[in-house]
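Peer 1: First the structure, then my questions, so here it is.
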Amino acid sequence: MKWLDRQRCLMDFTLSCVWRRKGKNLGFLLVYTLIIFVVCSVIFFSNALRRQADAVLHDAPEMIVQKMMAGRQELMPLAHQEDIASIRGVRSVEPRVWGYYFHPATQTNYTLIGRKDFRHGDDAVEVGQGVLRTWGAVQEDKLYFRMVDGKALDLKIAATFSAATDLVSADLIMMSQATFRRLTGMPDQFATDFSVRVRNPQECTTIAEKITGIVPGARPILREEIVRTYSALFNWRSGYMIVILSAAILAFCISAWDKATGLSAEEKAEIGILKGVGWGTSDILGMKFWEGMTVSLAAFFAGVIGAYIHVFFFSAPFFEHALKGWSILYPSFRLRPEVNLFELAVLFFLTVVPYTFITIIPIWRVSVTDPDLVMRQG
């Protein structure tokens, strides 16, 4: 109990000292909080995007099979569907027809998908939220296209995708396969690629090797490879943001080191007076420890809370364009709040712990010096 009472008294005195120099401490605290806020926002946002991508790809087929020619993707003949379906372990093979449509008015590429079981008929489409925001000629719930032969085609907007799926459906225009082929000119005997589902996901690599031996120029893409690509992409973008901010972070570290290791004349005189009235070296070190802990903890929690609100309530408007990656058509969606405690712990030990302990070094040097000499130097 005596130790707790002693620490409480030290904490009270420390808070009064921090408040007495509030101008200097508040300025440093603001910069400290801003650095933690930015770094934590990048971590929260990149992790949330990665989890969103994992959730979207969870129900994706185990394998996508494309046909390559001279390093470029070309149309897949439907005749290969039966060849792939005959491989042992393959559960189903579905041809997919999809592509892109460039809209000159908005200078934007939209994704087109033709479904065999499209429920709205051949004269309608289902679009994402981003299409409604950016398409330049939406009149009476219709989209106007120019077909491959140059003729105009107008399709009614029958439904829109939920905003919750905006990560993958923002630029999506879904229609029937017949309408897709009429719009793009894709022949009936071809598809864009095949989606392949297998009975045992552990056999995907073996099945992919058999497909490459049966279909000339085939390129199987496993779902795990897509997940790894997304993960690497978001890691690269978040690292790129940190590198851009490295100059500001370095400047802050220099400032923090200078503040922690350099004592002002007022602080030296204060330590000399405390030594003169009977304070021990351990008391002064404890006071400085609580001062560093107070400032760093306040900055850490303020930065983390601010980053959480910035990312999960406002979708990170400060740098969403850099991390989402769309050049013109940016999806708008609410990220699911989820915090990685391990990464927060790493951030805590990289920001709070070093500053707290480096503040003790100059205090120890002064506290072991004769009080009269310290006050005369101050």
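The values are calculated or read from the model by the stated rules, or taken from the named source; none is laboratory data. Quantities reported herein were computed from a predicted structural model and do not represent experimental measurements. Ideal geometry is used to build each Cβ from the backbone, glycine not excepted, and the neighbour counts take in all protein chains shown.
Peer 1: Residue 83 passes all but one of (1) charged (D, E, K, R); (2) more than 30 Å from residue 313 (Cβ to Cβ); (3) assigned by TED's automatic domain parsing to the domain that holds residue 347; which number fails?
Peer 2: (3)
Peer 1: Touching a Pro at 6+ places or on another chain (Cβ under 9 Å) and at pLDDT below 90: does that describe residue 48?
Peer 2: Yes, satisfied.
Peer 1: Could I ask something else about it? Starting from region 147-170, keep only residues that are acidic (Asp, Glu), then list their pairs with residues that are in a strand (DSSP E or B) whose Cβ atoms are within a distance under 8 Å, requiring at least 6 positions of separation or different chains.
Peer 2: Every condition considered, the pairs that remain are 154/142; 154/143; 154/144; 154/145.
Peer 1: Filtering region 81-119 down to residues that are more than 33 Å from the chain's Cα centre (by Cα) and under 22 Å from residue 176 (Cα atoms), which residue is surrounded by the fewest Cβ atoms within 10 Å (Cβ to Cβ)?
Peer 2: The qualifying residue surrounded by the fewest Cβ atoms within 10 Å (Cβ to Cβ) is 117.
Peer 1: Quick check: is even one residue across region 204-211 in contact (Cβ under 8 Å) with a residue 40 or more places away in the chain and closer than 17 Å to residue 95 by Cβ?
Peer 2: The answer is yes, given that some residue of region 204-211 is in contact (Cβ under 8 Å) with a residue 40 or more places away in the chain and closer than 17 Å to residue 95 by Cβ.
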